[in-house]
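Visitor: Could you have a look at this structure, given as structure tokens, before my questions?
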Amino acid sequence: MAGSLSIEEPVMKDREFRWFADLVRSHCGISFAQETRFLLERRVARRMRELSITSLSAYQYELRNESRRDGELAALIDEITTNETYFFRERSQLRALVGEILPEALVARRERGGGGPVSIWSAGCSSGEEPYSIVILAREAELDPARDLRMYASDISRKMMKRARAGVYRETSFRETEPALRAKYFEEKDGAWTVSDAVKKCVDFIHLNLLDRSRIALLGAMDVILCRNVMIYFDAETKREVIATFEHKLRGGGHLLLGHSESLINVTSGLELRHLRNDLVYRKPVPGLQRPDPWHVAALRAIGDAERSDER
């Protein structure tokens with residue numbers, strides 16, 4: 001009886017694991033330690049099955065081949081990246097952005113006589129739920145995203161960028177979305193929901209590697225950068241490199257929003273912790289205008305204590 005080709009999942013030798021882990025880390029910063037080795041093995045094996053390649057050495061040759069390397073490395077990164085997200089994730093922080101940071105930035109621009117939109121970059125946006133959430137909340141706050149915001153969103157996964165631009169989502173993306181908001185900003189068809197053109201047109205999606213400074217240089221200065229639940233996949237050295245890039249891209253007084261499980265303890269002292277009504281965020285000081293936040297030292301101490309407790 002004829003059967004389909006069965007390709008056994010390869011088990012990496014130590015040197016093979018180090019080779020693949022070093023390749024991925026040097027390209028995009030994602031770090032695989034021994035305890036996550038099985039994830040790398042599984043995702044490499046998945047890519048090998050798609051190519052009907054049966055040995056790790058043959059797949060390494062594919063990645064070393066100069067004519068095919070870039071395209072295949074991009075496909076492997078698509079397999080390796082974790083893309084867990086949904087609309088209005090960590091909503092308290094998004095409320096802080098739309099309800100406090102954006103109005104403050106718009107007032108500051110008018111006072112300086114410049115006006116113009118606030119520049120926001122969603123770095124590591126996966127399939128696009130985060131930037132679309134910001135546009136929706138801005139509209140709900142009676143801001144005009146087309147006038148008041150300049151929303152950029154990037155990810156290293158080409159597959160995720162394609163999904164984000166299409167703006168079509170399944171039920172799992174709406175676990176924190178009120179039915180009224182979904183009905184207002186999405187159109188349902190065949191069990192999928194497509195974001196409205198009025199929201200979609202307000203986001204510029206860019207395929208971008210956070211370690212590629214030459215490409216990032218093409219973006220202008222930013223008022224707000226969101227990089228939430230991305231750096232948990234980086235090692236300490238890569239975190240410092242990426243945060244240094246963010247510090248460089250932020251205007252004085254600009255804000256950096258990280259995931260609730262992330263902090264900049266032992267990463268940088270160049271950004272200050274700011275306590276807002278709705279959440280804690282980081283801010284790049286304005287030279288000569290640093291004003292001590294009474295919550296800053298206490299918040300830093302609390303985060304440090306929590307991290308030391310987790311280590312124990």
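The values are calculated or read from the model by the stated rules, or taken from the named source; none is laboratory data. Keep in mind it's a predicted model, so treat the numbers as computed, not measured. Positions of Cβ are backbone-derived with ideal geometry, glycine not excepted, and every protein chain shown enters the neighbour counts. Only protein heavy atoms, including side chains, enter the accessible area calculation; ligands, DNA and RNA are left aside. Shrake-Rupley method; radii C 1.70, N 1.55, O 1.52, S 1.80 Å.
Visitor: Taking amide H positions as placed in the peptide plane 1.01 Å from N, state which residues far from Arg150 in sequence (5 or more) or on other chains have amide H under 5 Å from it.
Guide: Those lying under 5 Å, H to H, from Arg150 are Val118, Ser119, Ile120.
Visitor: With charges set only on the Cβ (+1 for Lys and Arg, -1 for Asp and Glu), what does the dipole of the range 111-190 come to about its Cα centre, in debye to the nearest 20?
Guide: Using Cβ point charges on Lys, Arg, Asp and Glu, the range 111-190 gives about 460 debye.
Visitor: Could I ask something else about it? Computed FRET efficiency, Cβ-Cβ of Arg49 and Glu111, R0 45 Å: what is it to the nearest 0.05?
Guide: Efficiency, from the Cβ-Cβ distance: 0.15.
Visitor: Could you please report the charge total around Ala105, scoring K, R as +1 and D, E as -1 over all other residues with beta-carbon less than 14 angstrom from its beta-carbon?
Guide: Numbers: positive: Arg109, Arg110, Arg112, Arg147, Arg150, Arg251, Arg274, Arg283, Lys284; negative: Glu100, Glu104, Glu111, Asp148, Asp223.
That sum, taken over residues with Cβ under 14 Å, equals +4.
Visitor: Next up: Find, to one decimal place in angstroms, the Kirkwood hydrodynamic radius of the range 121-190, where the mean of 1/r is taken over every pair of different Cα atoms and then inverted.
Guide: After inverting the mean inverse Cα-Cα distance, the result is 13.0 Å.
Visitor: While we're on this one: By how many nm would the segment from Asn65 to Asp197 grow when fully extended, if each residue of separation counts as 0.36 nm and the alpha-carbon distance is taken off?
Guide: Using 0.36 nm per residue and subtracting the Cα-Cα distance, I get 43.4 nm.
Visitor: Are any of the pairs Lys200/Lys239; Lys159/Lys200; Lys184/Lys284; Lys201/Lys239; Lys162/Lys201 more than 26 Å apart by Cα-Cα distance, and if so, which?
Guide: Pairs exceeding 26 Å: Lys200/Lys239; Lys184/Lys284; Lys201/Lys239.
Visitor: Ok, one more. At a 1.4 Å probe, what is the % contribution of carbon and sulfur to the accessible area of the chain?
Guide: For the chain, the apolar C and S fraction of the accessible surface comes to 48 percent.
Visitor: While we're looking at this one, here's another question. Quick check: the distance between the Cα centres of the range 172-216 and the range 52-130, to the nearest angstrom?
Guide: 12 Å
Visitor: Still on this structure: Do me a favour and compute the ellipsoid semi-axes for the chain from its Cα gyration tensor, root of five times each eigenvalue, largest one first, whole Å.
Guide: 36, 25, 18
Visitor: Where only protein heavy atoms count, and the probe is 1.4 Å, what is the accessible area per residue for the chain in Å²?
Guide: 53 Å²
Visitor: Based on the Cβ-Cβ distance from Arg240 to Lys159, what FRET efficiency comes out when R0 is 30 Å, to the nearest 0.05?
Guide: Working: r = 28 Å, r/R0 = 0.94.
Efficiency, from the Cβ-Cβ distance: 0.60.
Visitor: Please report Rg (one decimal) and Dmax (integer) in Å for the Cα set of the range 4-149.
Guide: My reading of the Cα-based Rg and Dmax gives 22.0, 69 Å.
Visitor: Still on this structure, I have one more. Do any GluC sites (Glu not before Pro) in the range 82-127 lie in a DSSP loop with no more than 16 other beta carbon atoms within 10 Å, and if so, which?
Guide: Within the range 82-127, the qualifying GluC sites (Glu not before Pro) (loop, at most 16 other Cβ atoms within 10 Å) are Glu84.
Visitor: While we're looking at this one, here's another question. Once Lys and Arg get +1 and Asp and Glu get -1 on their Cβ, which of Leu276, Leu149, Tyr185 lies farthest toward the positive end of the dipole of the chain?
Guide: About the Cα centre, the residue reaching furthest to the positive side is Leu149.
Visitor: Sequence gap at least 6, Cα distance under 8 Å: using those rules, report the relative contact order of the chain to the nearest whole percent.
Guide: Result for the chain is 16 percent.
Visitor: Taking only C-alpha pairs under 8 Å that are 6+ residues apart, what is the relative contact order of the range 120-218 in percent?
Guide: 34 percent
Visitor: Which of the trypsin sites (Lys or Arg not before Pro) across the range 44-113 are loop residues per DSSP, with 11 or fewer other Cβ within 10 Å?
Guide: Arg112
Visitor: Moving on to the next point. If you put +1 on each Lys and Arg Cβ and -1 on each Asp and Glu Cβ, how big is the dipole of the range 55-98 around its Cα centre, in Debye rounded to 20? All intermediate terms of the calculation are to be shown ahead of the outcome.
Guide: Values: 6 positive and 8 negative charges, 60 e Å.
Value, rounded to 20: 280 debye.
Visitor: Further, regarding this structure: Is it possible to state the helix-based mean residue ellipticity at 222 nm for the chain, with each DSSP H run of 4+ residues giving -39500 (n - 2.57), the sum divided by total residues, to the nearest 500 deg cm²/dmol? What is it?
Guide: Per the formula, -13000 deg cm²/dmol.
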